[in-house]
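The values are calculated or read from the model by the stated rules, or taken from the named source; none is laboratory data. Fair warning: this is a prediction, and the values are worked out from it, not measured in the lab. When we count neighbours, we look across all protein chains shown, and the Cβ atoms used for this are built from the backbone with ideal geometry, even at glycine. Just the protein is used for accessible areas: all its heavy atoms, side chains included, with ligands, DNA and RNA removed. Shrake-Rupley method; radii C 1.70, N 1.55, O 1.52, S 1.80 Å.
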Amino acid sequence: MHKSAFVAVVGRPSAGKSTLVNAICGQKVAIVSPVPQTTRNTVRGIKTGEGYQLVFLDTPGLHDSEKAMNRRLRDLAVHALKEADLVLYVIDTTRAPGPEEESIIEKVAPFIGKTLVAVNKIDARESDIARSRLFLADRMPGARAFDLSAEKGTGVDALVAALAEASPLGPAYYPAEFYTDQEPVFRIAETIREKVFLHTRNEVPHAVYVEYTAHHTLDDGTLVYEGDLVVERDTQKGILIGQGGSMIRLIREEAERDLEEIFGYPVRLSIKVRVQADWKKDEKTLKRLIQ
Ligand SMILES: Nc1nc2c(ncn2[C@@H]2O[C@H](COP(=O)(O)OP(=O)(O)OP(=O)(O)O)[C@@H](O)[C@H]2O)c(=O)[nH]1
Ligand SMILES: [Mg+2]
């Protein structure tokens, strides 16, 4: 009797959705940063256990804004919410619920029958579990909730067991050794973007996307990836290059280190910074990037 489910992971930006998917899958599936709206795609993470397989759809944080890019990010999350067999709603206990959480729980509540809740960041000093639990009891009474720390791994096993239990009967969709189905070029672009999110501030992380141009493999097995770091304005280009190229070098070196660990062979990045004015307002670009 094998069970399987597609599990949509939803919640406000920075709630810890990607950290949780990584913790469950035991590998770095999705990039993580303290900057809200790090995730821009529905990234799949796979957890296979005894008699079950869970396919997590890590989604962009739900955020009410009518800007073209935010609208697209929201559509992805809402689509996953509707289509998935199960929903994993992640609440951040370090933050007061407020209007943003209200708006999210309104979207999730109709799916209560297939929803489990991760009450996350219980390890943090500012965590207030009772506040989040009260909010949940009030707005989504009867929801099955699990206190946990995605970062420390505390409470994650109990959640996984409950998700497996709640899954319908079904086949394994992926071979047991798969923890994600992302194409290597996508993972490379994401890793580069993560370093931008970790090392730049204000509007810069949100102004960036990575565009793959080409790759080839050297005789010694090194993968050479060529791509562009695209920004919206000249000033952002300056910031990303940094004094004497110091910022782009830092981004490149950190990404190369992570990628060698992910793939098990060396990766060399050749990245150019280029400006595409107002790409975030260009529906064609958004359609290509955010899916
Ligand atoms: N203390 C603590 N921090 C956490 C925990 N889980 C996530 N974080 C931190 O919260 C921040 C956001 O984490 P992400 O996993 O990127 O959050 P997300 O929900 O995927 O965010 P978006 O993709 O932007 O919607 C990062 O700095 C994480 O390190 C946790 O259990 N405890
Ligand atoms: Mg994320």
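Relative to the Cα centre, the charge distribution of segment 135-291, modelled as +1 at Lys and Arg Cβ and -1 at Asp and Glu Cβ, gives a dipole magnitude of about 660 debye. To the nearest 10, the accessible area of I290 is 0 Å² with a 1.4 Å probe. How much of the DSSP bridge set in the chain is antiparallel, in percent, rounded to the nearest 5? So the antiparallel bridges in the chain amount to around 35 percent. Modelled spin-label separation between A162 and H79, with each label point placed 7 Å from Cα along the Cα-to-Cβ direction: 2.9 nm. Here the label points at A124 and E261, each 7 Å from Cα along the C-beta direction, are separated by 2.2 nm in the simple model. Computed over segment 3-166, the Cα gyration tensor eigenvalues convert (square root of 5λ each) into semi-axes of 20, 18, 16 Å, ordered from largest to smallest. On the chain, 51 percent of the accessible area sits on carbon and sulfur atoms, based on a 1.4 Å probe. Rounded to the nearest 5, the antiparallel percentage of DSSP beta bridges internal to segment 184-289 is 45%.
Give the calculated FRET efficiency between D282 and R201 to the nearest 0.05, with a Förster radius of 30 Å applied to their Cβ-Cβ distance. Once the sixth-power term is evaluated, E becomes 0.80.
Averaged per residue, segment 75-187 has 49 square angstrom of accessible surface, using a 1.4 angstrom probe with ligands and nucleic acids left out. Using the 1.4 Å probe convention, the accessible area of segment 194-268 works out to 52 Å² per residue with neighbouring protein chains retained.
Rounded to the nearest 0.05, the FRET efficiency derived from the C-beta distance between K272 and D219 at R0 = 22 Å is 0.35. Segment 36-110 and segment 246-279 have their alpha-carbon centroids 27 Å apart. Per residue, the accessible area of segment 1-67 comes to 32 Å², computed with a 1.4 Å probe over protein heavy atoms only. For segment 77-138, the Cα gyration tensor yields ellipsoid semi-axes of 22, 12, 10 Å (square root of five times each eigenvalue, largest first, whole Å). By the rule of a C-alpha distance below 24 Å, with chain neighbours fewer than 8 residues away ignored, the lysines paired with K67 are K17, K82, K107, K237, K280, K281, K284, K287.
Out of the DSSP beta bridges found with both residues in segment 3-166, what percent are antiparallel (nearest 5)? The partial results should precede the final answer.
Values: 7 of 29 bridges.
Taking every DSSP beta bridge with both residues in segment 3-166, the antiparallel ones total about 25 percent.
The angle between the Cα long axis of helix 156-166 and the longest principal axis of the Cα atoms of the chain comes to about 60 degrees, rounded to the nearest 10. Dividing the C-alpha radius of gyration of the chain by 2.2 N^0.38 Å, with N its residue count, gives 1.02.
Label sites at A172 and D234, each approximated as a point 7 angstrom past Cα along Cα to Cβ, lie 5.6 nm apart. For the pair segment 4-24 and segment 180-195, the centres of their Cα atoms are 17 angstrom apart. Exposed loop sites, defined as trypsin sites (Lys or Arg not before Pro) outside DSSP H, G, I, E and B with at most 14 other Cβ atoms within 10 Å, are absent from the longest region of the chain, namely 202-291.
Here T154 and L134 are evaluated by their C-beta separation; at R0 = 22 Å the FRET efficiency comes out at 0.55. Once C-alpha pairs closer than 8 Å and six or more residues apart are averaged by separation and normalised to the residue number of the chain, the relative contact order reads 19 percent. Here segment 184-289 is treated as a sphere whose radius is the Kirkwood value from Cα pairs; by Stokes-Einstein at 10 °C and 1.306 mPa s it diffuses with a coefficient of 113 µm²/s.
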